[in-house]
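The values are calculated or read from the model by the stated rules, or taken from the named source; none is laboratory data. All values derive from a computational prediction rather than experimental measurement. Neighbour counts run over all protein chains shown; Cβ positions are idealised from the backbone, glycine included. What goes into the accessible areas is simple: the full protein's heavy atoms, side chains included, and nothing from ligands, DNA or RNA. Shrake-Rupley method; radii C 1.70, N 1.55, O 1.52, S 1.80 Å.
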Amino acid sequence: QVQLVESGGGLVQPGGSLRLSCEVPGRIFKNNYMAWYRQVEGKERELVAGITSTGDTNYADAVHGRFTISKDYLKSTLSLQMNNLKPEDTAVYYCNVLMAISRWNYWGQGTQVTVSS
């Protein structure tokens, strides 16, 4: 059974920073597209940032220039550095791995990020 374990969410003031981490099993860490999504209650889950197996990244327009996605092969960890956070960034953030061949999606349990003064 594949389990993605997220950490790093919390409450932060506008303009502050948070770093999310996701532990990914080593057997699926390589060769697959990995991403962070977020979801606000009552709305669809949306892509925040993604990174390919070769390290190419993509970002939602709303977070471009403020968020940075990265991966650490030694720690088998996917991270999302979030700077200059805004109240509209408040959501549950999910780690995702999209398997290259089967196109199966694995999801983390979600971590709450709240941006409020």
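The figures follow:
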quantity: Qualifying positions in segment 13-34 - under 10 Å from Asn84 (Cα atoms) and of a type in the set (A, V, I, L, M); calculated: Leu18
quantity: Selection within segment 56-80 - aliphatic (A, V, I, L, M) and without any contact (Cβ under 8 Å) to a residue 40 or more places away in the chain; calculated: Ala60, Ala62, Val63, Ile69, Leu74
quantity: Only listed residue being open to solvent by 70 Å² or more (accessible area, probe 1.4 Å) and not aromatic (Phe, Trp, Tyr), chosen from Gly15, Gly42; calculated: Gly42
quantity: Qualifying positions in segment 80-101 - under 20 Å from Gln112 (Cα atoms), open to solvent by 30 Å² or more (accessible area, probe 1.4 Å), in a loop (DSSP other than H, G, I, E, B) and of a type outside the set (D, E, K, R); calculated: Asn83, Asn84, Thr90
quantity: Filter pass, Thr77 being under 26 Å from Gln1 (Cβ atoms), surrounded by 11 or more Cβ atoms within 10 Å (Cβ to Cβ) and of a type in the set (Val, Ile, Thr); calculated: yes
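The rows are residues; the columns are (1) over 21 Å from Gly16 (Cβ atoms); (2) more than 14 Å from the chain's Cα centre (by Cα).
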| position | (1), (2) |
| --- | --- |
| Asn32 | yes, yes |
| Trp36 | no, no |
| Gly42 | yes, yes |
| Glu46 | yes, no |
| Ala49 | no, no |
| Gly55 | yes, yes |
| Ile69 | no, no |
| Lys75 | yes, yes |
| Met82 | no, no |
